[in-house]
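Below: one structure, written as structure tokens.
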Amino acid sequence: MIKLSDQETAERLNRRRAPMLFVIVIFFLLQQEAYFSQPPTLTRPVDYVRLVGWIALATVLLAILMRGGFWFKSAAVRALMEDEVTRAHRASALATGFVATMIAAICLYVFNLFEPITGRAAIHILLSIGLGFAVLHFAALERRAVKDG
Amino acid sequence: MAERLVNRLNALRAERGLTQAGLAERVGVTRKTINTVENTVFIPSTLLALKLSRALGVPVEEIFSLAAE
């Protein structure tokens, strides 16, 4: 087997990260449909499983966004992947996530004047929108960066 | 008057027969970084600019300059 240099490994993983993030975040956002079409009542064990699954996926997405993922790779490879372009992309993505969350919070506040929303549902929406937008923006920036120029 | 940063990284790299990956290896970054700098998608830090200058053997001003818009 050919041994790849750290640069080559980081390059391959960089190319893999953006599509992988797109798939995970789309799966994450699709879960919202299931959540709101059948809101968990917490009277059945399956509701707890759904909630724990959603929280686990949100935590993984947040960890990938903040730390880059690929935790089982060597420190040298992860340091290469965590270069200044990636850090700039993350900063931009976090700003997008923040603005999206604020807009969603304002909309929820207004919506709540007419239709009561539970605290859990509000948190669910805000977390999904904030994290979803941030990860999508990060993935889009990373995808553009690894394209051959 | 607005100013923007332009660079000759692509030309200087080509003159030396280096690929993006080759230059990235010399500088100690990934090809992604070189690609984004060449395409002016990303403005590098002073540290990276100095590393690029050293790797190409030219002053920083020869790689980066300001252009009036």
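Values in this text are rule-based calculations from the coordinates and carry no lab data. Predicted model only: the values in this text are computed from it and were never measured. Virtual Cβ from ideal backbone geometry, glycine too; neighbours counted across all protein chains shown.
Find out how many positive minus negative residues lie around B:Glu15, taking Lys and Arg as positive, Asp and Glu as negative, among other residues whose Cβ is under 15 Å from that of B:Glu15.
Residues near B:Glu15 contribute +2 overall.
Mind listing the phi-derived Karplus ³J(HN,Hα) values for the range B:9-18, rounded to whole Hz, using 6.51, -1.76 and 1.60 with θ = phi - 60°, and x for any glycine or proline? Karplus values, whole Hz, x for Gly and Pro: 4, 4, 5, 5, 5, 5, 4, 8, x, 9.
Note on A:12-18: average number of Cβ atoms from other chains within 10 Å of each residue's Cβ is 1. The Rg/Rh ratio of the range A:54-148, with both radii computed over alpha carbons and Rh defined as the Kirkwood radius, is 1.09. Sorted fewest first by neighbouring Cβ atoms within 10 angstrom, B:Ser53, B:Ser65 come out as B:Ser65, B:Ser53. Considered as an equivalent ellipsoid built on the Cα gyration tensor, the protein assembly as shown has semi-axes of 42, 22, 11 Å, the largest given first. The mean number of Cβ atoms from other chains found within 10 Å of a Cβ in peptide B:36-46 is 4, as a whole number. Between A:Val110, A:Val23, A:Val135, the Gaussian network model of chain A with springs among Cα atoms under 10 angstrom shows the greatest mean-square fluctuation at A:Val110. Our compactness index for chain B, the C-alpha radius of gyration over the empirical 2.2 N^0.38 Å, is 1.04.
Among the residues of B:11-24, the average count of other protein chain beta-carbon atoms within 10 Å of the residue beta-carbon is 1. Rounded to the nearest whole Hz, the Karplus-based 3J(HN,Hα) values (6.51 cos²θ - 1.76 cosθ + 1.60, θ = phi - 60°) of the range A:14-31 follow the sequence 4, 5, 7, 5, 4, x, 4, 5, 4, 5, 5, 5, 5, 4, 4, 6, 5, 5, with x at glycine and proline.
Measuring between their Cα centroids, the range B:5-23 and the range A:109-149 lie 38 Å from each other. Couplings for the range A:60-69, taken from phi via the Karplus curve 6.51 cos²θ - 1.76 cosθ + 1.60 with θ = phi - 60°, read 5, 4, 5, 5, 5, 4, 7, 10, x, x Hz in order; Gly and Pro are left as x.
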